[in-house]
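K.L.:
Attaching a single structure in structure tokens format; questions to follow.
The values are calculated or read from the model by the stated rules, or taken from the named source; none is laboratory data. All of these numbers come straight from a predicted model, not from anything done at the bench. Every residue, glycine as well, gets a Cβ built from its backbone with ideal geometry; the counts of neighbours run over all protein chains shown. Side chains included, ligands, DNA and RNA excluded: accessible areas come from the protein's heavy atoms. Shrake-Rupley method; radii C 1.70, N 1.55, O 1.52, S 1.80 Å.
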Amino acid sequence: MNIDYAEKIPNNVDLASDRTLQRALEQWQPNYIQWWHDMGPEGAQAFDIYLRTAVSVDPQGWAQFGYVKMPDYRWGIFLNPAEKDRKIHFGDHKGEDAWQDVPGEYRANLRRIIVTQGDTEPASVEQQRQLGLTCPSQYDLRNLFQVNVEEGRHLWAMVYLLHRYFGRDGREEAEALLERRSGQTDNPRILQAFNEPTPDWLSFFMFTYFTDRDGKFQLCALAESSFDPLARTTKFMLTEEAHHMFVGESGVSRVIQRTCQMMNELKTDDPAKLRAAGVIDLPTVQRYLNFHFSVTIDLFGADESSNAATFYGTGLKGRFEEGKRTDDHMLKSQSYGVLHVVGGQLVEKQVPMLKALNEVLRDDFIRDSIAGVGRWNKVIEKAGIPFRLKTPHKAFHRNIGSLAGVKVSPDGTVISDAAWEAKVDEWLPSASDRALVASLMGRVVEPGKFANWIAPPVMGINRQPIDFQYVRFN
Ligand SMILES: [Fe+2]
Ligand SMILES: [Fe+2]
């Protein structure tokens, strides 16, 4: 076969001279395209979309804009440039050379880490595949598709590692990544948050704010890995993740802005009146926030985990900003507080820090997500409205670890099942909240026009005007 690999699959891994990798990718790629047709954005395969494509890792090449049909998107393979003589900087191998290949004894664990990360990427595309049908504007539609193709590229990034470093079982895992389906009972995606539907755009914005931020923290922890190709791949993925979180943060912010505008216009905070006026009342926004926050913090795993200790001790997965921390990077004598319920109260218990590293990462994530919620509150404050959004207590609505199934209110009080039942519709989106939000979703595609429930953005994409033709429907 005579394929110009640099043209078809932009890469900086010298694909053109790696025959084994070429063969593996040639087998996998048609199945990927088939998956994209089956599970990618519905009814949008023929649109020309103003997308950015990464064609190299340098500043000119990583964000090239132009009209592309999504099935023709050039999904590339990029690693951040190698750091010369990189050393392992945490765990039992601290000080040794970083690994350029997979050490035999860590093969199974590394494969598992890569597969778990890789599985989330196509999962989110599947979760979001119907959203294009109800987009609030062309600008938003384009952002959705940008997120979707980049999640596709993140899958490529993980499949590259599987094909290049894991031989036959890597190839099998790469196929399985195209076979699992979000929300399917017999062959679901690996992590639960990636089996939840993303039924409407408020969910999408909350998802990209909270769940793509989980992605950021996982990728940051993997960017510390002693397995250098994994560290370099995830570093490049982080450049794309920033845009996904921007879509979420600005999306929710615009929803809030529009609601506040209507509250002031109608001089009311009555949800019924605001709903009748076609906007999403702030208590409903709060319930969506509660849901997505709690489901996302479960993704960090059990608060005490011997796997987490092993992954760190063996140098596979570091902490967020490992290099900036000033401890011994071994953590054998430190401890960390995790929550338990004792006699109907939440009590913090000190456990060995190595075992609590999921909790450490979860707490880093929580700090980071609270900052954006503060920015949303600024929008409400500026409108002169006394309402404030708040992230719920981290024990609220949890399904993993020692807090799984314990009933805790958003302010952190342990309550009875009956008290939970009586209040749950005030705390999590009820069927009627979801019906309301669904009823507001329409399809607005005229350039520069926005659905009634969301304010326009401050500026367009890549310095284009807001009423730019971001999508040609053909
Ligand atoms: Fe991703
Ligand atoms: Fe993402």
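K.L.:
Does any residue of region 70-79 turn out to be in a helix (DSSP H, G or I) and either within 16 Å of ligand 1 (Cβ to nearest atom) or open to solvent by less than 30 Å² (accessible area, probe 1.4 Å) (or both)?
P.N.:
Yes, region 70-79 contains at least one residue that is in a helix (DSSP H, G or I) and either within 16 Å of ligand 1 (Cβ to nearest atom) or open to solvent by less than 30 Å² (accessible area, probe 1.4 Å) (or both).
K.L.:
Could you pull out the residue among Leu238, Leu191 that is within 15 Å of ligand 2 (Cβ to nearest atom), open to solvent by 10 Å² or more (accessible area, probe 1.4 Å), without any contact (Cβ under 8 Å) to a residue 24 or more places away in the chain and at negative phi?
P.N.:
Answer to the check: Leu238.
K.L.:
Any residue at all in region 247-265 that is within 16 Å of ligand 1 (Cβ to nearest atom), in a helix (DSSP H, G or I) and of a type outside the set (Lys, Arg)?
P.N.:
yes
K.L.:
May I ask you to say which residue of Leu133, Leu141 is surrounded by fewer than 21 Cβ atoms within 10 Å (Cβ to Cβ) and either within 16 Å of ligand 2 (Cβ to nearest atom) or among the aliphatic types (A, V, I, L, M) (or both)? Give the steps one after another, and end with the answer.
P.N.:
Details: Leu141 fails: surrounded by fewer than 21 Cβ atoms within 10 Å (Cβ to Cβ).
Being surrounded by fewer than 21 Cβ atoms within 10 Å (Cβ to Cβ) and either within 16 Å of ligand 2 (Cβ to nearest atom) or among the aliphatic types (A, V, I, L, M) (or both) holds for just one of Leu133, Leu141, which is Leu133.
K.L.:
Condition (residue is within 14 Å of Gln117 (Cβ to Cβ), among the aromatic types (Phe, Trp, Tyr), open to solvent by less than 10 Å² (accessible area, probe 1.4 Å) and within 14 Å of ligand 1 (Cβ to nearest atom)) applied to region 227-234: is it met by at least one residue?
P.N.:
No, that holds for no residue.
K.L.:
List the number of the failed condition for Pro59; all other conditions in (1) open to solvent by less than 10 Å² (accessible area, probe 1.4 Å); (2) within 22 Å of Met245 (Cα to Cα); (3) assigned to a loop (DSSP other than H, G, I, E, B) hold.
P.N.:
(1)
K.L.:
Of the residues Asp214, Asp186, which is open to solvent by 30 Å² or more (accessible area, probe 1.4 Å), of a type in the set (Asp, Glu) and either closer than 30 Å to Val279 by Cα or not in a helix (DSSP H, G or I) (or both)? Steps first, please.
P.N.:
Working: Asp214 fails: open to solvent by 30 Å² or more (accessible area, probe 1.4 Å).
Checking each option against the conditions leaves just Asp186.
K.L.:
Checking the structure you have, find out if any residue of region 167-175 is touching a residue at least 60 places away in the same chain (Cβ under 8 Å), within 14 Å of ligand 2 (Cβ to nearest atom), crowded, with 21+ Cβ neighbours inside 10 Å and of a type outside the set (Lys, Arg).
P.N.:
no
K.L.:
When you check Ser250 against the structure, is it touching a strand residue (DSSP E or B) at 6+ places or on another chain (Cβ under 7 Å) and in contact (Cβ under 8 Å) with a residue 60 or more places away in the chain, yes or no?
P.N.:
Working: touching a strand residue (DSSP E or B) at 6+ places or on another chain (Cβ under 7 Å): no; in contact (Cβ under 8 Å) with a residue 60 or more places away in the chain: yes.
The answer is no for Ser250.
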